[in-house]
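Q: Provided herewith is a single structure, encoded as structure tokens, for subsequent inquiry.
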Amino acid sequence: MRTLHLILSICLALCLPEVLGHALSRDGWTVTANSWEPGNEPEKVLDGHHSTMWHSRYKPQDEPLPHHIIIDMKKSYVVNRFSYLPRQGINRNGCISQHQVHLSQDGETWNEPVIIGTYMDDHSEKDTAFSATPARYIRLTALTEINGNPWTSVAEINVYSPDPDVSGDDFKPLPVSRGKWGPTIDFPIVPVALAVLNNSKILTWSAFRPDNFGMFAGKTYTSTWDTKSEVVSQCLVKNTHHDMFCPGTSLDEFGRAIITGGSNSEKTSIYNPATDSWTGASNMQIHRGYQTSTTLADGRIFTIGGSWSGGRGGKDGEIYNVTDDSWTELSGCKVKPMFTDDGAGVYRADNHAWLFGWKGNTVFQAGPSKAMNWYSMDGEGSVQGAGNRADDPDSMNGNAVMYDAVKGKILSIGGAPHYSESDATNHAHVIALGDPGDIVKVTPVDSMAHARGFHNSVVLPDGKVLVVGGQSYAVPFTDDTPAMIPELWDPATGSFSPMSPINQPRTYHSVAALLPDGTVISGGGGLCGNCDVNHMDVQIFRPPYLFKDDGSLAVRPTITDGPEMIQAGDSITVVTDVAVESFSMIRHSTVTHSANTDQRRIPLTPSKSTGNNRFALDIPGDSGIVLPGYWMLFALIGNGVPSEAWTIRVRT
Ligand SMILES: *[C@@H]1O[C@H](CO)[C@@H](O)[C@H](O)[C@H]1NC(C)=O
Ligand SMILES: *[C@@H]1O[C@H](CO)[C@@H](O)[C@H](O)[C@H]1NC(C)=O
Ligand SMILES: [Cu+2]
């Protein structure tokens, strides 16, 4: 018993990152609200009894939402986590759906929200971590109720601090040269997969349950964050009979998300952002889960691997024509050359390939196997070795990011030899693609400070790559050995620098992607039912380029005019509000299981400026470089501050 106790306390000290915080003592705190029912006063959220609650007024009549409650902690603390316990029991009246949490030092000036979003509808305690912030007052605002009624109820609220003995008045923020984490956004599901749509919305999904997975369930919970209205909504998709847990994901030339396999391993589903609707498409020839897919130069979509679901082995390539909704097996696109030497055999050896559509409708496979390969779609298809990734071992659940498609340059980062119970590496390599079929040049670059598997990597408009989350000892559904410090890789120096820490481990089933406003969305992790590593939230990272040295916001250029649809080889004219130095295009992302084959960056240098900030840009001529689909065009001023994106569709 004593030994167990000792092990537990060592684990609590070492395994749980300090940043998760300690519950503050609520003794002496006071609380007010803009509405309450006698007998259900606001103080009830602090009394430690799950059976008592604050409830908004309903006699003699309801008082309309929004309802808010303000807690005065009586002194300033550094706070970093907020928990809400819904009322317990059968009666669900007043349980909160959409909400916001704000902080204040004086009870009068309220900062931007530290939490926004929507809670899952169940009895569990909702727990949201955010960036450490000094505050004496904390305000929860309920915007909607789970069933749309005009009531709010709360059983308990707790507030957490990384160190309760430190006064908020002594808080020193990290320098903005390390970037800054903004609001945490609660989702009513674990966002295991994500698509950055062409209409300012972020689509996420989990599985047949918001917080758990199963097999063959034929339905999927999705949740969409509208970045303009800031509303996070939820939808249960049943019409396609497709549980889209652990699928292949690709954005097609029309900006639609093509989702293949997973728990329902034969299915294809298509999401159209214009109609916000899902349609079922033809089944794949080979059933798959944990495969990867990628869009090709001609708009078709190639997929390979995926023995996690639909039977083991033999998961050779096949190709999807989005125009006539047909899958064609490519018997020459053998999967075997891309196997890792996983301890769990083929079940894991053909998972999560790092695929890149390239010139001549080829696909370059950069990993996770140590061997790299070229896949050709001609005839029955074929595969040809491209050499090894230098001395990098098999790197399952690592990342590969094409940060400069003009030069064919890919950064590979981390991963572990085996899918589970395996030490990840901190390796990074630059892979330079030439023509299809060539042996590829690989150069090791400086290693990361932290070894990572299950992390995500995101290329920024300036060509730097943000690596976020992961763990050094890779084990699915654990948050042990988390990498809490993101690292930013600079192609000019070939090395990484530490960014501001994340506020929640982001390990297995986490996601990250670039948003059109130049920030990064990073979140998710878990999806294991009653486990304690479900993370039903995301957080927004603001890279250093969004700040001046003094911490205030940088002044950003604006693209005021440009084309909406282009083709490879076009010369285009783009107009900005101020003189800018350079441009870049980054393709919209889909991401799941650390794989994002959609993102890639094309640096663009204006060939001439014709006055009035009109710039001529030459788009590369090969559609293997400029894959069809939706892209974000950024203008950058001299010191690297990017505009928000101008949306461009590249057609075939
Ligand atoms: C986004 O893509 C859809 C699907 O192709 C298209 O119908 C819609 O017009 C696009 N929206 C924008 C804003 O380009
Ligand atoms: C896709 O199918 C359409 C209709 O059958 C056909 O015209 C087109 O050539 C096909 N695309 C490719 C790239 O093969
Ligand atoms: Cu999974």
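Q: Tell me which residues, restricted to the stretch 347-374, are in a helix (DSSP H, G or I) and touching a Ser or Thr at 6+ places or on another chain (Cβ under 6 Å).
A: Applying the first criterion (in a helix (DSSP H, G or I)) to the stretch 347-374 yields 347-349, 359-361.
Tyr347, Ala349 - these are the residues of the stretch 347-374 that are in a helix (DSSP H, G or I) and touching a Ser or Thr at 6+ places or on another chain (Cβ under 6 Å).
Q: Moving to a separate point now. Which of (1) in contact with a Gly (Cβ under 7 Å, 6 or more places away or on another chain); (2) more than 16 Å from ligand 3 (Cβ to nearest atom); (3) of a type in the set (A, V, I, L, M, F, W, C) does Trp327 not meet, given it meets every other one?
A: Failed condition: (1).
Q: Something else now. For Gly218, state whether it is more than 30 Å from Gly21 (Cβ to Cβ) and within 16 Å of ligand 3 (Cβ to nearest atom).
A: On the way: more than 30 Å from Gly21 (Cβ to Cβ): yes; within 16 Å of ligand 3 (Cβ to nearest atom): no.
In short, no.
Q: For Leu636, are the conditions met, namely being more than 16 Å from ligand 1 (Cβ to nearest atom), without any contact (Cβ under 8 Å) to a residue 40 or more places away in the chain and within 27 Å of the chain's Cα centre (by Cα)?
A: On the way: more than 16 Å from ligand 1 (Cβ to nearest atom): yes; without any contact (Cβ under 8 Å) to a residue 40 or more places away in the chain: no; within 27 Å of the chain's Cα centre (by Cα): yes.
Criteria not met by Leu636.
Q: Restrict the check to the stretch 309-322 and report whether at least one residue is touching a Phe, Trp or Tyr at 6+ places or on another chain (Cβ under 7 Å), more than 16 Å from ligand 2 (Cβ to nearest atom), more than 24 Å from Lys409 (Cβ to Cβ) and basic (Lys, Arg).
A: Looking for residues that are touching a Phe, Trp or Tyr at 6+ places or on another chain (Cβ under 7 Å), more than 16 Å from ligand 2 (Cβ to nearest atom), more than 24 Å from Lys409 (Cβ to Cβ) and basic (Lys, Arg), one finds at least one in the stretch 309-322, hence yes.
Q: For the stretch 323-341, enumerate the residues that are within 16 Å of ligand 2 (Cβ to nearest atom) and farther than 18 Å from Trp374 by Cβ. Reasoning before the result, please.
A: Step one: filter the stretch 323-341 for residues within 16 Å of ligand 2 (Cβ to nearest atom), giving 323-330, 333.
Those that are within 16 Å of ligand 2 (Cβ to nearest atom) and farther than 18 Å from Trp374 by Cβ: Thr323, Asp324, Asp325, Ser326, Trp327, Thr328, Glu329.
Q: Quickly run through the stretch 126-142 and pick out the residues that are within 16 Å of Thr184 (Cβ to Cβ) and surrounded by 18 or more Cβ atoms within 10 Å (Cβ to Cβ). Break it down into steps so the answer makes sense when it comes.
A: Residues of the stretch 126-142 that are within 16 Å of Thr184 (Cβ to Cβ), as a first pass: 126-133, 135, 138-141.
The answer is Lys126, Asp127, Thr128, Ala129, Phe130, Ser131, Ala132, Ala135, Ile138, Arg139, Leu140, Thr141.
Q: Select from the stretch 365-408 the residues that are hydroxyl-bearing (Ser, Thr, Tyr) and in contact with a strand residue (DSSP E or B) (Cβ under 8 Å, 6 or more places away or on another chain) and write down the one among them that is farthest from Asp490 (Cα to Cα).
A: For the stretch 365-408, the residue satisfying everything is Ser382.
Q: Okay, next question. Output the number of residues of the stretch 541-558 satisfying the condition of being outside any loop (DSSP other than H, G, I, E, B) and over 15 Å from Phe634 (Cα atoms). Steps first, answer last, please.
A: First pass over the stretch 541-558, keeping only residues outside any loop (DSSP other than H, G, I, E, B): 541-542, 544-547, 553.
Checking which are over 15 Å from Phe634 (Cα atoms) leaves us with 541-542, 544, 547, 553.
Total satisfying the criteria: 5.
Q: A follow-up question, please. Here's a check for you: in the stretch 503-532, which residue that is surrounded by fewer than 20 Cβ atoms within 10 Å (Cβ to Cβ) and within 14 Å of ligand 3 (Cβ to nearest atom) is nearest to Tyr160 (Cα to Cα)?
A: Cys531
Q: While we're here: Does any residue in the stretch 308-332 that is within 28 Å of Ser420 (Cα to Cα) come within less than 8 Å, Cβ to Cβ, of a residue that is within 10 Å of ligand 2 (Cβ to nearest atom) six or more places away or on a different chain, and which pairs are these?
A: That search, which allows pairs on different chains as well, returns Glu318/Thr328.
Q: Those residues that are among the hydrophobic types (A, V, I, L, M, F, W, C) and under 27 Å from the mean Cα position of the chain (by Cα), I need them from the stretch 149-183; list them, please. Explain how you work it out, then say what you get.
A: Restricting attention to the stretch 149-183, the residues satisfying the condition of being among the hydrophobic types (A, V, I, L, M, F, W, C) are 151, 154-155, 157, 159, 166, 171, 174, 176, 181.
Scanning the stretch 149-183 gives Val159, Leu174, Val176, Trp181.
Q: Out of everything in the stretch 104-124 that is in contact with a Phe, Trp or Tyr (Cβ under 7 Å, 6 or more places away or on another chain) and without any contact (Cβ under 8 Å) to a residue 60 or more places away in the chain, what residue ends up being surrounded by the most Cβ atoms within 10 Å (Cβ to Cβ)?
A: Applying the filter and picking the extreme gives Ser104.
Q: Another one. Which of (1) within 16 Å of ligand 3 (Cβ to nearest atom); (2) closer than 20 Å to Val650 by Cα is the odd one out, the single condition Pro273 does not satisfy?
A: The number of the failed condition is (1).
Q: Does Gly313 satisfy being away from ligand 3 (no atom under 16 Å from the Cβ), surrounded by fewer than 21 Cβ atoms within 10 Å (Cβ to Cβ), part of a strand (DSSP E or B) and not aliphatic (A, V, I, L, M)?
A: On the way: away from ligand 3 (no atom under 16 Å from the Cβ): yes; surrounded by fewer than 21 Cβ atoms within 10 Å (Cβ to Cβ): yes; part of a strand (DSSP E or B): no; not aliphatic (A, V, I, L, M): yes.
No.
Q: Tell me, which residue of the stretch 483-494 that is touching a residue at least 40 places away in the same chain (Cβ under 8 Å), in contact with a Ser or Thr (Cβ under 9 Å, 6 or more places away or on another chain) and surrounded by fewer than 24 Cβ atoms within 10 Å (Cβ to Cβ) is farthest from Leu466 (Cα to Cα)?
A: Gly494
Q: Out of the residues in the stretch 587-600 meeting the condition of being within 16 Å of ligand 1 (Cβ to nearest atom) and not in a loop (DSSP other than H, G, I, E, B), tell me which one is nearest to the chain's Cα centre (by Cα).
A: Just the residues of the stretch 587-600 that are within 16 Å of ligand 1 (Cβ to nearest atom), to begin with: 587-590, 598.
Next, only the ones that are not in a loop (DSSP other than H, G, I, E, B) stay: 587, 590.
Numbers: Arg587: 15, Thr590: 9 Å.
So, considering only residues that are within 16 Å of ligand 1 (Cβ to nearest atom) and not in a loop (DSSP other than H, G, I, E, B), the one nearest to the chain's Cα centre (by Cα) is Thr590.
Q: Now for a different question. How many of the residues making up the stretch 213-248 are farther than 22 Å from Thr292 by Cα, of a type outside the set (Val, Ile, Thr), surrounded by fewer than 22 Cβ atoms within 10 Å (Cβ to Cβ) and in contact (Cβ under 8 Å) with a residue 24 or more places away in the chain?
A: 6
Q: Here is a list: Ile586, Ile625, Ile572. Which entry is farther than 25 Å from Thr224 by Cβ and crowded, with 19+ Cβ neighbours inside 10 Å? Spell out how you get there, then give the answer.
A: Values: Ile586 fails: farther than 25 Å from Thr224 by Cβ; Ile572 fails: crowded, with 19+ Cβ neighbours inside 10 Å.
One residue alone meets the criteria, Ile625.
Q: Name the residue, out of Asp550, Asp537, Asp532, that is away from ligand 2 (no atom under 16 Å from the Cβ) and within 19 Å of the chain's Cα centre (by Cα). Outline the logic, then answer.
A: On the way: Asp550 fails: within 19 Å of the chain's Cα centre (by Cα); Asp532 fails: within 19 Å of the chain's Cα centre (by Cα).
The match here is Asp537.
Q: Taking the condition of a type in the set (Asp, Glu) and more than 16 Å from ligand 2 (Cβ to nearest atom), does Glu253 pass? Give the steps one after another, and end with the answer.
A: Working: of a type in the set (Asp, Glu): yes; more than 16 Å from ligand 2 (Cβ to nearest atom): no.
Here the answer is no, as Glu253 does not meet what is asked.
Q: Now for a different question. Show the residue pairs that are 6+ apart or on different chains and have beta-carbon atoms under 6 Å apart, the first residue being within the stretch 253-264 and under 16 Å from Val322 (Cβ atoms), the second being within 14 Å of ligand 3 (Cβ to nearest atom) and not in a loop (DSSP other than H, G, I, E, B).
A: Listed by first residue and then by second, the contacts come to Ile259/Thr249; Thr260/Gly248.
Q: Something else: Under 7 Å between Cβ atoms, which residue pairs at least 6 apart in sequence (or on different chains) link something in the stretch 131-158 that is closer than 30 Å to Pro173 by Cα with a partner that is of a type in the set (D, E, K, R) and surrounded by fewer than 20 Cβ atoms within 10 Å (Cβ to Cβ)?
A: Pro134/Asp169; Arg136/Asp72; Arg136/Lys75; Tyr137/Asp72
Q: Here's another thing I want to ask about it. Please determine whether any residue of the stretch 562-575 is within 16 Å of ligand 2 (Cβ to nearest atom) and either closer than 30 Å to Gly360 by Cβ or among the β-branched types (Val, Ile, Thr) (or both).
A: The answer is yes, given that some residue of the stretch 562-575 is within 16 Å of ligand 2 (Cβ to nearest atom) and either closer than 30 Å to Gly360 by Cβ or among the β-branched types (Val, Ile, Thr) (or both).
Q: Could you tell me which of the residues Gly261, Gly248, Gly306 is under 16 Å from Val196 (Cα atoms) and not aromatic (Phe, Trp, Tyr)? Working first, answer last.
A: Numbers: Gly261 fails: under 16 Å from Val196 (Cα atoms); Gly306 fails: under 16 Å from Val196 (Cα atoms).
Every option except Gly248 fails the conditions.
Q: May I ask you to say which residue of Gly463, Gly414 is crowded, with 22+ Cβ neighbours inside 10 Å and on the phi > 0 side of the Ramachandran plot? Please lay out each step first, then the result.
A: Values: Gly463 fails: crowded, with 22+ Cβ neighbours inside 10 Å.
Just one listed residue meets the conditions, Gly414.
None of the figures in this text is laboratory data; all of them are computed from the coordinates on show. Note that the structure is a prediction, hence the values are computed from the model and not measured. We place every Cβ from the backbone using ideal geometry, glycine too, and count neighbours over all the protein chains shown.
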